[in-house]
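Asker: Please find one structure pasted underneath; my questions will follow.
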Amino acid sequence: MTAVELGMPGKKDVVEPITERRKTRQLNVGGVLVGGGAPVSVQSMTTTRTADIGPTLQQIAELTASGCQIVRVACPTQEDAEALPIIAKKSQIPVIADIHFNPKYVFAAIEAGCAAVRVNPGNIKKFDDKVGEIAKAAKNAGTPIRIGVNAGSLDKRLYEKYGKATPEALVESALWEASLFEEHDFRDIKISVKHNDPVVMVKAYQQLSEACDYPLHLGVTEAGPAFQGTIKSATAFGALLSQGIGDTIRVSLSAPPAEEVKVGLQILESMGLRERGLEIVSCPSCGRAQVDVYKLAEEVTAGLEGLPVPLRVAVMGCVVNGPGEAREADLGVASGNGKGQIFVKGEVIRTVPESQIVETLIEEAVKIAEEQGADLPEELKELANPQVEVY
């Protein structure tokens, strides 16, 4: 696995990957490689009715801008199926059709030119009888298939066998369906075994990773509202990615889809699996703090949104850890007594009043970005030249 470079611009500060990635087959999902050593990709799903083509494409554009690499769209009706050709053609990122209940929409998605198709073997009527036809159509079109097993829609035969959606039940369902495709010499498959309980989900993926070499799509299904879902997903993904398990991820939140992407990207950056973007290092505050660290950190984060270069910014509130953290970051401030020492590339460049800390950090961040030849958003250019009083 390739190490990810972090730290000051131009400085070889490298974070080694936490472990070697699991070796898998590789799929090409509309130009995005999945598995086989390719970077872990981030997915989300539209919340619009797919038949409403304009709003769906607008949401896909928003997801693309947020960093999403693959998008999934629901296809529960004939009208949705009829919209797939236009959406697949006009989307800037690969589109996966999400199919439940009716196998005829699998064929419609393949014919529409979707980059892949997700099928749920637990709730598609007579799905097993259609595997041969689906495999032939998918192979002829070069369309990968995701076998997506969910705890909430497990085949009733497996419920009867195991009593509930255990890790073993999820894995057995996935491997059974994969074996049916293999009988027709079709192996362009990725698999997911999702559960709302991170512990069950992690155990299922661990068992699955030992039983096959297909790339795996990670997800905690029905993870919950933004805070709870983020914690569940970060816990489960961190556990699996730290073991080299996982080739593509979707954070499932009861929140706007772009928030799912934001969380997913941050998880990968935190694991050293993706080049970091903006990273704010800030203290939790304590009785030693002499400035409002919470407010400073929030304002710096908001002010630097959209900065197109990797940057670690330290926002520190006292003299104990402040100078050290600020010195180790690309850019930082050690605050106290109503003032802030501004560090750039490990050196103090000025001391400013607390009221001008945010402006100064933004100004210096923009300078660093410009030195790297970055194309800055207009709003950052406008914030780049504050009148700063130097102490």
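The values are calculated or read from the model by the stated rules, or taken from the named source; none is laboratory data. All values derive from a computational prediction rather than experimental measurement. Side chains included, ligands, DNA and RNA excluded: accessible areas come from the protein's heavy atoms. Shrake-Rupley method; radii C 1.70, N 1.55, O 1.52, S 1.80 Å.
Asker: For the chain, what is the relative contact order in percent, using Cα pairs closer than 8 Å and at least 6 residues apart in sequence? Could you put the intermediate results ahead of the total?
Answerer: Values: 856 pairs, mean separation 52.4, N = 391.
Relative contact order comes out at 13 percent.
Asker: Using the alpha carbons of the stretch 241-391, what is the convex hull volume per residue in cubic angstrom, as a whole number? Numbers along the way, then the final one.
Answerer: On the way: hull volume 21.7 nm³, N = 151.
Dividing the Cα hull volume of the stretch 241-391 by its residues yields 144 Å³.
Asker: Can I get the semi-axes of the chain's equivalent ellipsoid? Compute them from the C-alpha gyration tensor as square roots of 5 times the eigenvalues, in angstrom, largest first.
Answerer: Values: eigenvalues 406, 97, 64 Å².
In descending order the semi-axes read 45, 22, 18 Å.
Asker: What accessible area, in Å² to the nearest ten, does a 1.4 Å probe give for M271?
Answerer: The accessible area of M271 comes to roughly 40 Å².
Asker: How large is the convex hull of the C-alpha atoms of the stretch 10-136 per residue, in Å³?
Answerer: On the way: hull volume 18.0 nm³, N = 127.
Once divided by residue count, the hull of the stretch 10-136 is 142 Å³.
Asker: Okay, next question. Regarding the stretch 16-66, what's the average projected area of the Cα-atom convex hull, expressed in nm²?
Answerer: Numbers: hull surface 20.6 nm².
Here the figure is 5.2 nm², rounded to one decimal.
Asker: Using the reciprocal of the averaged 1/r over all distinct C-alpha pairs, how large is the Kirkwood radius of the stretch 89-244 in Å? All intermediate terms of the calculation are to be shown ahead of the outcome.
Answerer: Details: mean 1/r = 0.0624 Å⁻¹.
Roughly 16.0 Å, rounded to one decimal.
Asker: Over the chain, what percent of the accessible surface lies on carbon and sulfur atoms, probe 1.4 Å? Let's see the in-between values first.
Answerer: Working: 8620 of 17350 Å².
Answer for the chain is 50 percent, counting heavy atoms of protein chains only.
Asker: Please compute the per residue accessible area over the chain with all protein chains in place, 1.4 Å probe, rounded to a whole number of Å².
Answerer: Values: 17350 Å² over 391 residues.
Counting only protein heavy atoms, the per-residue value for the chain is 44 Å².
Asker: So for the chain: antiparallel DSSP bridges make up what percent, rounded to the nearest 5? Spell out each step's value before the answer.
Answerer: Details: 19 of 56 bridges.
Percent antiparallel among DSSP bridges in the chain is about 35.
Asker: What does the accessible area of R350 come to, in Å² to the nearest 10, when a probe of 1.4 Å is used?
Answerer: 50
Asker: Rounded to the nearest 10 Å², what accessible area does Y162 have for a 1.4 Å probe in the complete protein model?
Answerer: The value for Y162 is about 70 Å².
Asker: Hey, another quick one. Please compute the length gained on full extension between I53 and A211, using 0.36 nm multiplied by the number of residues separating them and subtracting their Cα-Cα distance.
Answerer: Working: separation 158, 0.36 × 158 = 56.88 nm, distance 4.00 nm.
Additional length available on full extension: 52.9 nm.
Asker: Would you kindly give the portion of the calculated P(r) for the stretch 128-194 that falls above 15 Å, as a percent of all Cα pairs?
Answerer: On the way: 1130 of 2211 pairs.
Cα-Cα pairs of the stretch 128-194 separated by over 15 Å account for 51 percent.
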